[in-house]
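These notes concern the structure reproduced below.
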Amino acid sequence: MDLQSIKNRFGIIGNSPALNHALNTAAQVASTDLSVLIAGESGVGKEAFANIIHALSSRKHNPFIAVNCGAIPEGTIDSELFGHEKGSFTGAVDSRKGYFETVNGGTIFLDEIGEMPVGTQARLLRVLETGEFIRVGSSKVQKTDVRVIAATNKDLLEYTQQGKFREDLYYRLSTVPIRVPALRDRPEDIPLLFRKFSTDFAERYKTQSVQLDASAQQLLLSYPWPGNVRELKNIAEQISVLSTDKVISVETLQRSLPQKDGGRSLALMAPAGSPVATGKDFASNTERDILYKLFFDLKKDMNDLKSMFFELAHHQGHFPAQPGNDTMLPAYTATNSEPVPVVAAAPYNPNAPILLQPNDHVDIHEDVEESLMLADREKEFIMKALKKHRGRRRDAANELGISERTLYRKIKEYDIKE
């Protein structure tokens, strides 16, 4: 199959030499059973290359499964990959087949292989060398015929020097290495990809496709794209749904691209002046939605507290009965024969801070306990989602708009008991 046919079949957009070389390598190695290590930054499309290799191989009619090693907790990854016997650990109420057993004859794509625990790496090395594995809690050696394709966005050679990755496994996996180029290394493909994503979006939602003017296209080419193709697709869809103009100017594009300090501009995603619109760069895009909820709830809580304080002060006579009165009663009373001053007040503004005079006092008060810490609100969201989905973490992660790996980390961080 020629290169253009592969691109058409698998939806690969681009003509850069680096991309063509990676596709040629994938096509050549597909007919063999050699292990392949696909290296590249996050978002470049490494899984697409794994699909190409499997689809062009003699195993194409057998199962293909993609496993994200970074999303599986260290305590369960051995069971997921190699299976376990009944009673081998707490919660193992039945025997279970692992991926290497169920995908026998097919292909396993191990994404984020650099996140795999060292103990599991030893088990994987044995499968690659002998085709043998042992279920957790068993002593019976089983055979499997599985092709392994691994991918990483880390420097595994440096990991081997740091003791985080087995050197023998590294050389066993990288029999045929494929490096997928970053988007900034193939700038000639960026306009093609943007046009493809915006056209697909327009066809899906029956709208007119957006186009870039000359200055906006130049900005698109000069941006480094740390999120690569995935980030470009998100930007194209964001502009397609939020822009009222179908010819995109450089100003419109700038509001959607991250700022120079690394923080993402949220001007198009939140009302002007809101905490989200002025927020700093978030840890990852996967947590963006839940942070939106936290910030908006935080603003609402602050407004509620202001309203409660205003009502409390009003009952003590510090503010007029009706907001907007032209005058305000004096904040202190006259003694002896001194005249009573009249203080002019500005129109009532519920968002303005409440200022008390030095002699003011409040005899009646209420204790208001409201946690405004983002961590507390985030923990509350996670607990509600877990309760709603009866502890099913995958469903809870989807509800919160974060990855399972992030949810596992948050559960451990906040010591949430399920």
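The values are calculated or read from the model by the stated rules, or taken from the named source; none is laboratory data. Computed from a prediction, not measured in an experiment: that's the story for all the values here. Cβ: placed from backbone, ideal geometry, glycine included. Neighbour counts: every protein chain shown. Heavy atoms of the whole protein, side chains included, go into the accessibility calculation; ligands, DNA and RNA do not. Shrake-Rupley method; radii C 1.70, N 1.55, O 1.52, S 1.80 Å.
The figures follow:
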| read-out | value |
| --- | --- |
| Accessible area of region 128-173 belonging to carbon and sulfur atoms, whole % at 1.4 Å probe | 40 percent |
| Separation of the Ile65 and Glu129 label points, Cα + 7 Å toward Cβ, nm | 2.4 nm |
| Relative contact order computed over region 1-125 (Cα-Cα under 8 Å; 6+ residues apart), in percent | 23 percent |
| Within region 86-210: Cβ-based charge dipole about Cα centre, in debye rounded to nearest 20 (Lys, Arg +1; Asp, Glu -1) | 380 debye |
| Relative contact order (%) - region 131-186, alpha-carbon pairs under 8 angstrom, separation at least six | 20 percent |
| Placed amide H near Ala66: partners under 5 Å, 5+ positions off or other chain | Phe109 |
| Within region 188-213: backbone nitrogen closer than 13 Å to the Val247 label point (7 Å, Cα to C-beta) | 211-213 |
| Pairwise centroid distance, computed over Cα atoms, of region 11-30 with region 74-121, Å | 32 Å |
| Residues whose placed amide H lies under 5 Å from that of Leu212, excluding near-sequence neighbours | Ile248 |
| Karplus 3J(HN,Hα) series, Hz, for region 116-131 with 6.51 cos²θ - 1.76 cosθ + 1.60 (x for Gly, Pro) | 6, x, 4, x, 5, 4, 5, 5, 5, 4, 5, 5, 5, 8, 10, x |
| Separation in nanometres of the label points that stand 7 Å from Cα toward Cβ, at Ala55 and Leu257 | 3.2 nm |
